[in-house]
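Peer 1: What follows is a single structure, and I will ask about it in a moment.
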Amino acid sequence: MGLFQNTKIILEYLKDIFTILSLLIASGVALAGLFIWKRQLHGTQSYELAKKILKSVFSIRDYLKQARYPITDMEEDLASQIIETKYKDELEIFYEGCIFREVLGMRWKKIEEELRVLEIETFEAEAIWGKEKCLSIYAISNLAKAFNGNVDAYIHLIFSGISHEIIHKDFKPILDIIFCNPAHPNDNFEEEINSAVIAISKDVRPYLIK
């Protein structure tokens with residue numbers, strides 16, 4: 001009777017041990033699965049975010065390059081229709097300035113819209129990747145804002161009554177940023193734009209590897 005009782009007790013202990021081991025294994029599998037799921041989710045988020053950031057960066061690059069080209073006849077015709085009522089009092093003296101302000105305003109609007117999108121995407125990237133990984137993204141935004149600031153400066157010079165001769169002679173750095181030579185578009189400012197995009201691509205593309 002004593003042997004039977006001892007065997008029963010041992011079996012009960014073994015049963016408890018196996019139950020505990022089963023629970024531990026199940027918990028371990030669940031935790032491993034959760035870890036893998038989180039890693040996959042993080043990878044998917046990073047992948048989608050990287051795609052969106054590069055799309056915004058490439059759009060800003062292209063719009064910025066287009067904005068530096070000479071005003072087309074079609075743009076001038078459209079702008080002239082707008083400014084006839086919008087800037088009626090300024091037209092007689094500052095017609096060219098009004099045209100330039102209107103056309104560059106339309107061009108800048110496209111850039112500005114993409115900059116807003118990129119800003120939101122950059123905040124999201126900082127939260128996921130960390131701020132250090134996102135520093136290069138700000139370069140393209142800074143170049144776009146530098147372009148717009150120089151456009152404003154140029155328009156101010158025109159409406160101040162300063163002659164084109166003096167502007168081209170004394171304010172060449174401004175002109176070198178807001179205008180490019182279509183025959184030789186790869187000037188210094190264009191190289192800065194290209195370098196910024198290359199740096200961003202280098203930092204962001206690794207997140208496109210699933």
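Peer 1: Among the helices (runs of 4 or more DSSP H) contained in region 133-210, which hold 1 or more residues that are at pLDDT below 90 and in contact with a helix residue (DSSP H, G or I) (Cβ under 6 Å, 6 or more places away or on another chain)?
Peer 2: Working: elements: 137-159, 164-170, 172-178, 188-204.
In region 133-210, the matching helices (runs of 4 or more DSSP H) lie at 137-159, 164-170.
Peer 1: Looking at E75, is it farther than 23 Å from A196 by Cα and of a type in the set (D, E, K, R)?
Peer 2: On the way: farther than 23 Å from A196 by Cα: yes; of a type in the set (D, E, K, R): yes.
So E75 fits the description; yes.
Peer 1: Whether any residue in region 33-48 is in a helix (DSSP H, G or I), farther than 27 Å from K133 by Cβ and at pLDDT below 60 is what I want to check.
Peer 2: The first filter runs over region 33-48 and keeps only residues in a helix (DSSP H, G or I), leaving 33-48.
Narrowing further to those that are farther than 27 Å from K133 by Cβ: 33.
Within this subset, residues satisfying the condition of being at pLDDT below 60 are 33.
Checked against the condition, which is being in a helix (DSSP H, G or I), farther than 27 Å from K133 by Cβ and at pLDDT below 60, region 33-48 yields at least one hit.
Peer 1: Among what's in region 84-98 and is surrounded by fewer than 20 Cβ atoms within 10 Å (Cβ to Cβ) and of a type outside the set (D, E, K, R), pick the residue that is modelled with the lowest pLDDT. I'd like the intermediate steps shown before the answer.
Peer 2: Applying the first criterion (surrounded by fewer than 20 Cβ atoms within 10 Å (Cβ to Cβ)) to region 84-98 yields 84-96.
Adding the requirement that they be of a type outside the set (D, E, K, R) leaves 85, 87, 91, 93-95.
Working: T85: 65, Y87: 62, L91: 55, I93: 59, F94: 72, Y95: 73.
Filtering region 84-98 for residues that are surrounded by fewer than 20 Cβ atoms within 10 Å (Cβ to Cβ) and of a type outside the set (D, E, K, R), the one modelled with the lowest pLDDT comes out as L91.
Peer 1: For region 153-162, indicate whether the set of residues that are closer than 20 Å to T72 by Cα and either among the basic types (K, R) or surrounded by fewer than 16 Cβ atoms within 10 Å (Cβ to Cβ) (or both) is non-empty.
Peer 2: No, region 153-162 contains no residue that is closer than 20 Å to T72 by Cα and either among the basic types (K, R) or surrounded by fewer than 16 Cβ atoms within 10 Å (Cβ to Cβ) (or both).
Peer 1: Provide a single number: the residues in region 106-145 that are surrounded by 15 or more Cβ atoms within 10 Å (Cβ to Cβ) and either among the small types (G, A, S) or within 23 Å of F171 (Cβ to Cβ) (or both).
Peer 2: 9
Peer 1: Starting from region 60-81, keep only residues that are free of Cβ contacts under 8 Å to residues at least 60 places away in the same chain, then list their pairs with residues that are among the acidic types (D, E) and assigned to a helix (DSSP H, G or I) whose Cβ atoms are within a distance under 8 Å, requiring at least 6 positions of separation or different chains.
Peer 2: Y63/E114; A79/E102
Peer 1: Right, something else. Which members of region 118-132 meet the condition of being acidic (D, E) and not in a helix (DSSP H, G or I)? Please lay out each step first, then the result.
Peer 2: To start, the set of residues in region 118-132 that are acidic (D, E) comprises 119, 121, 124, 126, 132.
Scanning region 118-132 gives no hits.
Peer 1: Additional query: Might you let me know whether region 156-176 holds any residue that is under 20 Å from R61 (Cβ atoms) and either touching an Asp or Glu at 6+ places or on another chain (Cβ under 6 Å) or of a type in the set (A, V, I, L, M, F, W, C) (or both)? Please lay out each step first, then the result.
Peer 2: Taking region 156-176 and keeping what is under 20 Å from R61 (Cβ atoms), we get 176.
Going one step further and asking which of them are either touching an Asp or Glu at 6+ places or on another chain (Cβ under 6 Å) or of a type in the set (A, V, I, L, M, F, W, C) (or both), we end up with none.
There is no residue in region 156-176 that is under 20 Å from R61 (Cβ atoms) and either touching an Asp or Glu at 6+ places or on another chain (Cβ under 6 Å) or of a type in the set (A, V, I, L, M, F, W, C) (or both).
Peer 1: If you take the residues in region 71-80 that are surrounded by 11 or more Cβ atoms within 10 Å (Cβ to Cβ) and of a type outside the set (D, E, K, R), which one is nearest to F189 (Cα to Cα)?
Peer 2: Filtering first and then ranking leaves I71.
The values are calculated or read from the model by the stated rules, or taken from the named source; none is laboratory data. Fair warning: this is a prediction, and the values are worked out from it, not measured in the lab. As a convention, Cβ positions derive from the backbone with ideal geometry for all residues, glycine included, and neighbour counts pool all protein chains shown.
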